[in-house]
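Readers should treat all values here as calculations from the given coordinates under stated rules, not as data from a laboratory. The model shown is predicted, which means the values in this text are computed figures rather than measured ones. Quick reminder, even Gly has a Cβ in these numbers, built from the backbone with ideal geometry, and neighbours come from all protein chains shown.
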Amino acid sequence: MNFEIIDGISMINVNSAVTLALAASLLLLGYFVKNKVTLLDKYCIPAPVIGGFIFMFITWIGHLTGAFAFSFDNIFQNTFMLAFFTTVGLGASYKLLVKGGKLLIVYWLIAGFVSILQNTLGIGLSKVLGLEAPYALLSSAISMIGGHGAALSYGTTFGEMGYEIAPLVGAAAATFGLISAVLIGGPLGRRLIEKHNLKPEEDSAFDSSVTDINVATGEKLSSLDIMKNVSVIFICMAFGTIIAGWIGNIINMGFPTYVGAMFVAVIVRNLNEKLHLYRFDFGLVDEIGNVTLNIYLSLALMTLKLWELSGLIGGVFVVVMSQVLLVSLLAYFVVFRILGKNYDAAVMCAGLCGHGLGATPSAIVNMTAVNEKYGMSRKAMMIVPIVGAFLVDVIYQPQTIWFIKTFVENLM
């Protein structure tokens, strides 16, 4: 970490170790503030969001005044994201997917349909506003569901096609979506729970033995057992990135590495259930996932640049605002009823706002905030991560490519 003056601005260069330590400190600060400020706890605002926002506003003040600026060596963010999605995959036993049953399929179709509506809304508004199709699509499912990774990938592609500000529009839209996701999801879930006086309950229509699949054994793990569980996470991350690269070459387009990592993890988990290659411990893996998720989101938020939202001008701003309204209204008035109008449905709606506007980690953080206040929804915590991180891509990716080929390439 060092300081230098560049064009009259005090530049604070933060190395990777200090960046990581700062993210962890802001996460703890977020929990502290949340416990002290009743309003934040009441409306289920996640701790990493609180800490990240505090620092985000500090950096914004520095930019606004021209007094100081931060330069982060943020090499760990993608690693923590990969680790989180890998733990999600390792939690996805085939038996678990089967027990998800009808509700899993219904939620998957809902999420896929929402992604189609997002792109349809974006293109429809572009016709009315005179906005070029690439910018409309970057303000739709690409950034809302795909997050910053997809926005960068598609934005770069559009930039090479001649739409020069596409990367900026994608970054701004993804930033707006992420902020909206973590601010809307928790309060929306809370509102549904309070309005309908909902409580966690065991649903007889849902196989209660689902908890037995990933139940903690209660037995003490040896050091070697812990090392094996951690090593498998790293191995799945590595092979996942390789496979994602292969798929990207095949489809001639960027493919999310986290999807590859999670796919490999799902295969490893289910092979291990048959072959018993090592002693898998869900409790350990789940806690690792919880830590990596919170650190990832803290890193993501603290390094966001609020002034990038200046890229949301004119028609682009109208589109992203419409996306937020679309997902929020659908979740509150439609999806909640389709999913059963119960406690689990309310938590899943909080999750939908998360991965429908700001990627799957936002969904998990939203649901965790609701669960911490009102009680655990096992259905939501099982179904939403699997759909948001993996299954929705089966619908979201192909239909997005269709929209690009239909409305972008035909315009060239």
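Quick notes on this one:
- Distance (nanometres) between label positions extended 7 Å along Cα→Cβ at K341 and M227: 5.7 nm
- Here the Gaussian network model covers the chain, with springs between Cα atoms less than 10 Å apart; of I295, I251, I54, I251 fluctuates the most.
- Sorted from longest to shortest, the spans of the Cα atoms of the chain along the three principal axes equal 59, 49, 48 Å.
- Rounded to the nearest 20, the Cβ-based charge dipole of the chain about its Cα centre (Lys and Arg +1, Asp and Glu -1) stands at 920 debye.
- Rg and Dmax of the stretch 1-78, based on Cα coordinates, read 14.5, 44 Å.
- The separation of the stretch 104-135 from the stretch 273-288, counted between C-alpha centres, amounts to 38 Å.
- Charge-dipole axis of the chain as Lys and Arg at +1 and Asp and Glu at -1 on Cβ define it, positive-most pick from A380, M237, F55: A380
- Each peptide in 339-349, 112-122 receives the mean, over its residues, of other Cβ atoms within 10 Å, and ordering these scores from highest gives 339-349, 112-122.
- Point-to-point label distance, V128-V37, nm (Cα→Cβ direction, 7 Å offset): 3.5 nm
- Full extension of the chain between N2 and F113 yields a length gain of 35.1 nm, computed as 0.36 nm times the residue separation minus the alpha carbon distance.
- Reciprocal of mean inverse Cα separation for the stretch 254-369 (Kirkwood radius, Å): 17.1 Å
- The stretch 148-199 versus the stretch 49-89: alpha-carbon centroid distance in Å: 16 Å
- Histogram of C-alpha separations across the stretch 40-135, 5 Å bin width, %: 2, 9, 8, 9, 11, 16, 19, 15, 7, 3, 1, 0
- Percent RCO, i.e. relative contact order, over the chain, from Cα pairs under 8 Å lying at least 6 residues apart: 28 percent
- 21 Å Cα-Cα reach of K36 towards lysines, excluding residues that sit fewer than 8 places from it in its own chain: K373
- Of the residues G248, P398, L121, the one whose Cα sits farthest toward the positive end of the charge dipole of the chain, with +1 on the Cβ of Lys and Arg and -1 on the Cβ of Asp and Glu, is L121.
- Pairs beyond 28 Å (Cα-Cα), from K42/K228; K42/K102; K42/K379: K42/K228; K42/K102
- Taking a span of 24 Å or more along the helix axis (Cα atoms) and a mean Kyte-Doolittle hydropathy of at least -0.5 as the rule, the DSSP H helices of the chain that qualify are 16-36, 47-65, 94-129, 166-195, 223-251, 257-275, 282-302.
- Here each label is just a point 7 Å from Cα along the line to Cβ, and for L329 and I250 those points are 4.0 nm apart.
- Each peptide in 391-397, 158-164 was scored by the mean count of other Cβ atoms within 10 Å over its residues; highest first, the order is 391-397, 158-164.
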